[in-house]
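The values are calculated or read from the model by the stated rules, or taken from the named source; none is laboratory data. For clarity, every value in this text was computed on a predicted model and none was experimentally measured. As a convention, Cβ positions derive from the backbone with ideal geometry for all residues, glycine included, and neighbour counts pool all protein chains shown.
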Amino acid sequence: MLSAAEQLEHLELIADHAGLKPPEIVLPESHHIVVHRMRFHYLDWGAAGRPPILFLHGGGLNAHTWDVICLMLRREYHCLALDQRGHGDSEWEPTADYSHESQVRDVEGFIDKLELRRPLIVAHSMGGFAALGYALKHAARLCGLVLVDVGPELNLSGSRRIRDFLSKDRVLDSVDAFVERAMAFNPRRNPVLLRRSLLHNLRQLPNGKWTWKHDPNRMAMAGDFVKERLARARRMLEEIDRITCPTLVLRGDRSDVFTDENASKLAAALPNGRWVKVPDAGHTIQGDNPAGLLDALRPFLREIGI
């Protein structure tokens, strides 16, 4: 676990590595909230009263994946980053219900409980599916939606590669062993920064070994993953015209999960959609090129008037 001083140093290093100059280096407030009888952890970067942005992470990640993005936006917006069920410091679902429907209900409950008025949702990968589900039901409650390397249709071989990475070798002898494995998965990441980022996403076991924080049961859901994903994609695309809020679709130019074709098709199908390719980024754009994500996001924020 990183100390407060180490977290501040880490934020400064991330920003410097990305070529970003935040107005100040501060830490968010860490909070817990009960939604539908489940305990959720979230990071609140302040300040209440400014336009709210809710950040949702991808599968196997946690709220800290958005740290440097929130740090750069916190002077203008009320940034909140949620640890989704079974991830980060949120509760593991006792019956292993990690269905799409349950994640949509979590977003509904969190927004309602915090009384967020017309928030923007910025969501990556798994979080993007939850955001799409929310927007299909409540587009009028949103001022906008940003989908980070995700859409109803994905390159399933890329998705499988990520699932295999997260589900295999869950217990290793050291943090450094996880760093080595993660660098093999994405060799473009900085190993020093990656090590500290991983400390937000790992926990030490009583026997001294280390494992992921996210619940392994979320990767063992019943049913055929491919068939379920394709069926959900068809349903979402059939109803996509219900997402009437302005929507920005981002694609990492090196992503093997979300293609140009996926992004352009989704943006064209949305009533108020557009898409941007972020350079020097794979699937996890916020980690690979946070400056590029901000460069794509800020014009959209000005466009929608927040």
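Below are the figures for this structure:
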read-out	value
Answer residue from region 257-306, given it is loosely packed, with under 15 Cβ neighbours inside 10 Å and among the acidic types (D, E) and is nearest to R189 (Cα to Cα) among those	D280
Tabulated pairs, region 96-109, first within 11 Å of G127 (Cα to Cα), second in a helix (DSSP H, G or I) and not small (G, A, S), C-beta under 7 angstrom, 6+ apart or interchain	H100/F129; H100/R232; V104/Y134; V107/Y134
Qualifying residues in region 107-119 (those that are among the charged types (D, E, K, R) and out of contact with any helix residue (DSSP H, G or I) (no Cβ under 7 Å at 6 or more places or on another chain)) - the one surrounded by the fewest Cβ atoms within 10 Å (Cβ to Cβ)	E115
Tally of residues being touching a Pro at 6+ places or on another chain (Cβ under 9 Å) and closer than 16 Å to S197 by Cα across region 18-48	2
Filter result for the condition that a residue is under 22 Å from Y134 (Cα atoms) and modelled with pLDDT of 95 or more, over A231, A263, A281	A263
Evaluation of V276 against (1) in contact (Cβ under 8 Å) with a residue 40 or more places away in the chain; (2) among the β-branched types (V, I, T); (3) closer than 21 Å to L54 by Cα (one fails), failing number	(1)
Meets criteria (among the aliphatic types (A, V, I, L, M) and over 23 Å from L193 (Cβ atoms)) for I240	yes
Residues satisfying the stated conditions in region 38-66, i.e. over 25 Å from L202 (Cα atoms) and either touching a Gly at 6+ places or on another chain (Cβ under 7 Å) or surrounded by fewer than 13 Cβ atoms within 10 Å (Cβ to Cβ) (or both)	A47, A48, G49
Any hit, region 79-91, residues being of a type in the set (S, T, Y) and either farther than 30 Å from M1 by Cβ or modelled with pLDDT under 95 (or both)	no
